[in-house]
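Notes follow once the structure below has been shown.
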Amino acid sequence: MLLLSLCILSASIPFLLHLFSDSIDLSRPSDIGLNHTINMYLTPEQGVRVGVWHTVPERRWKEAQGKDLDWYEKALGDGSPIFIYLHGNGGNRSAPHRIGIANVLSAVGYHALVMDYRGFGDSTGEPTEAGLTTDAVYLYNWVKARSGNSLVCVWGHSLGTGCVKSPFLLTFFDGIILEGAFLTGRGARDRPIEHPFKWFYWKFPYIQFFLFNPLKNNILVFPTDENLQKLRTPLMILHAQDDHLVPFASAQEVCAQNSDKRVKLVPFDGSLGYLHNGLYRDPGLPNIIREFVQSLMT
């Protein structure tokens, strides 16, 4: 009976979290305290609609009150650096750590655009490697068409770091930040993409029979080491040493394979307890980001 109860409980966790995230009206970011953010929908290809939150720099929050999409689009041309945030597998753009990164970027004085790829959140379609890359490229082009000469950078987290490593995206951005980057390619042919709840299911392996991974039938194989060797864009890798989903060694290996002045690894001590999603809580993160962006301007 105890075994059955644990089985049911562990199977319920992803479902309950999915149910909770679905209870949030993603079209109303102000409902969860994002009062200088607008929701919008873009169409990267026919039949696919992706949801995006655009948060303006914090200094403009009063000015942003009650403004429409046209105002937010024009705001992209105000000269402030812009970050496109590509999130990890699981959940949607309302996840606390994703909101946390958007708030940090906004506080530093940057625009943050957080997208739910096709098949995530309220975005339509089915997640595939090609589709996720298409969505990211479309958002970049949409931003670039409205931002003039502003810096356009990308922040990829976990699964989102794979999207950034696509050869189609490597040359687009002025700067790249990878958080919780996993390694694929020749250096890790047998290493699977980590599941957000893998730590839990290691303890209850039998429960995997009850799970359905939305990417299971659309295997994502983002080449990392091969593509990063072609990198000409400054890259900063952020990684917690106690990351329980993507080992810190993965970040070290990515950095070692690209050991030049364009690639910088910033580790966060494991005693801080940030794990895979908590780097946004670090009090030193704003200065780390600010220094990286300033280096892009020299």
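The values are calculated or read from the model by the stated rules, or taken from the named source; none is laboratory data. Here the structure is a predicted model, which is why all the values come from computation and not from measurement. Ideal geometry is used to build each Cβ from the backbone, glycine not excepted, and the neighbour counts take in all protein chains shown.
Worth a mention:
- Some residue of region 118-137 being free of Cβ contacts under 8 Å to residues at least 12 places away in the same chain and aliphatic (A, V, I, L, M): yes
- Restricting region 86-101 to residues that are small (Gly, Ala, Ser) and part of a loop (DSSP other than H, G, I, E, B) leaves a set whose member that is surrounded by the most Cβ atoms within 10 Å (Cβ to Cβ) is Gly88.
- Of all residues making up region 259-272, the number that are at pLDDT 95 or above and either assigned to a helix (DSSP H, G or I) or over 23 Å from Leu86 (Cα atoms) (or both): 4
- Residues considered: Gly121, Gly131. Of these, the only one that is under 30 Å from Arg281 (Cβ atoms) and either touching a helix residue (DSSP H, G or I) at 6+ places or on another chain (Cβ under 8 Å) or at pLDDT below 95 (or both) is Gly121.
- Whenever a residue of region 232-256 is modelled with pLDDT of 95 or more, its partners that are acidic (Asp, Glu), lying with C-beta atoms within less than 7 angstrom and at least six residues away or across chains, give the pairs Leu238/Glu179; Gln241/Asp269.
- When residues of region 27-53 are limited to those that are of a type outside the set (A, V, I, L, M) and surrounded by 18 or more Cβ atoms within 10 Å (Cβ to Cβ), the one farthest from Glu126 (Cα to Cα): His36
- Of the listed requirements (1) crowded, with 24+ Cβ neighbours inside 10 Å; (2) modelled with pLDDT under 90, Ala112 misses just one: (2).
- Residues of region 273-298 classified as among the aliphatic types (A, V, I, L, M), outside any helix (DSSP H, G or I) and more than 20 Å from the chain's Cα centre (by Cα), total: 1
Per-residue answers, yes or no, for (1) closer than 16 Å to Met40 by Cα; (2) within 12 Å of the chain's Cα centre (by Cα); (3) buried (at least 21 other Cβ atoms within 10 Å of the Cβ):
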site	(1), (2), (3)
Thr55	yes, no, yes
Glu58	no, no, no
Trp61	no, no, no
Ala75	yes, no, yes
Ile84	yes, yes, yes
Ala130	no, no, no
Tyr138	yes, no, no
Thr161	no, yes, yes
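- Residues in region 40-82 that are outside any helix (DSSP H, G or I), out of contact with any His (no Cβ under 7 Å at 6 or more places or on another chain) and over 20 Å from Ser27 (Cα atoms): Glu45, Gln46, Gly77, Asp78, Gly79, Pro81.
- For region 145-159, the criterion of being at pLDDT below 85, aromatic (Phe, Trp, Tyr) and surrounded by 23 or more Cβ atoms within 10 Å (Cβ to Cβ) is satisfied by no residue at all.
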